[in-house]
1. Extension gain residue 119-residue 20, at 0.36 nm per residue separation less the Cα-Cα distance, in nm?
2. Quick one: P(r) of the range 103-199 from all Cα-Cα pairs, 10 Å bins, percents rounded to integers, in order of increasing distance.
3. I need the calculated FRET efficiency for the pair residue 303 and residue 73, taking r as the beta carbon distance and R₀ as 25 Å, to the nearest 0.05.
4. Would you mind pulling out the separation of the Cα centroids of the range 162-217 and the range 285-318, in Å?
5. Work out, in µm²/s and without decimals, the Stokes-Einstein translational diffusion coefficient of the chain at 20 °C, 1.002 mPa s, Rh from Kirkwood over C-alpha pairs.
6. Please report the spacing between the Cα centers of the range 1-63 and the range 328-354 in Å, no decimals.
7. In terms of the Cα gyration tensor, with a ≥ b ≥ c the square roots of its eigenvalues, is the range 1-88 rounded because a/c is under 1.5, prolate because a/b exceeds b/c, or oblate?
8. Compute the helix-to-body angle for 249-258: its Cα long axis versus the longest principal axis of the chain, expressed 0 to 90° and rounded to tens.
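Computed from the coordinates by the stated procedures, all read-outs in this text should not be read as laboratory data. As the structure is a prediction and not an experimental result, all values here were calculated from the model. Using ideal geometry, Cβ is built from the backbone for each residue, glycine included, and neighbour counts are taken over all protein chains shown.
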Ligand SMILES: [Zn+2]
């Protein structure tokens with residue numbers, strides 16, 4: 001009989017709980033990782049609420065690090081027992097879209113996202129990783145698991161937001177919403193050399209974290225039009241780059257309005273409602289403003305992850321102030337409900353495995 005493990009699952013729509021599952025086995029190119037630290041994500045809450053449809057007994061979670069438990073026969077680059085990070089997206093790196101350089105869109109749109117979507121996620125004692133040589137990264141000795149785990153989604157996605165916004169050295173950036181990913185977009189803008197980083201946020205705790213992660217100033221969008229404030233701070237033309245981190249029609253419009261002609265608007269937020277996203281026509285220069293609007297999911301892969309881990313190792317960024325709560329795995333349901341209710345000033349709950 002196969003060995004069993006504990007998993008935290010979506011039992012069905014709006015239902016979560018624990019389940020016993022067999023410990024996964026690797027195929028020739030795969031790995032199985034024993035989980036040591038994980039984070040609970042707002043995505044897990046969306047998933048349980050039905051955004052990707054109904055799922056039965058699907059293990060949740062896509063942000064985790066651990067130790068290699070078993071390797072497929074064709075995996076030569078790694079050894080059992082190594083401490084590894086795995087990005088939230090685990091593309092195949094062989095299909096047409098991967099070959100074109102868009103690994104988040106592996107096979108099909110958003111197809112790089114497999115954990116807790118089309119296969120079991122990482123909120124379990126063990127999890128399966130496809131195409132291990134491309135998707136595993138050894139964590140440097142000096143980087144603890146509780147920091148490394150932020151490279152798996154928050155850092156990669158937030159930094160992508162800044163990269164896609166083509167932040168010029170010394171340029172001006174507005175980062176809309178200081179969600180965990182927004183905070184990392186703020187940190188990423190600073191790392192890319194922004195001369196003025198403006199965070200847009202109303203929550204005092206998140207405003208403080210935004211300053212900690214490199215915002216020069218914070219604009220509260222509930223106290224008047226944030227675009228007017230941004231123009232006062234950055235100049236009448238608007239900012240070079242705007243980053244949308246909430247998935248809000250209102251904030252997306254503000255991004256287009258706040259950006260100068262020829263500037264870049266980068267979308268990181270998840271747009272979960274309605275059939276269309278509207279672009280303000282005049283601020284878009286009636287379609288001729290040379291403004292770029294760019295979207296993306298979460299760049300993954302060994303090399304990307306190594307770079308993110310290098311930033312932590314070198315002390316360029318420390319994501320751990322985003323950890324507001326800590327739970328043992330047997331209490332992950334509490335962490336999930338905290339995330340769903342957005343109570344107690346939760347930013348990210350860290351899950352600790354035995
Ligand atoms: Zn692919």
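1. Fully extending the segment from residue 119 to residue 20 adds 34.0 nm.
2. With a bin width of 10 Å, the distribution comes to 14, 35, 33, 16, 1.
3. For residue 303 and residue 73, the calculated efficiency is 0.55.
4. Distance between centres, Cα-based: 13 Å.
5. 104
6. So the separation of the two Cα centres works out to 15 Å.
7. Details: a/c = 2.29, a/b = 1.77, b/c = 1.29.
Prolate is the answer for the range 1-88, as a/c is 1.5 or above and a/b outweighs b/c.
8. Helix 249-258 sits roughly 50 degrees off the main axis of the chain.
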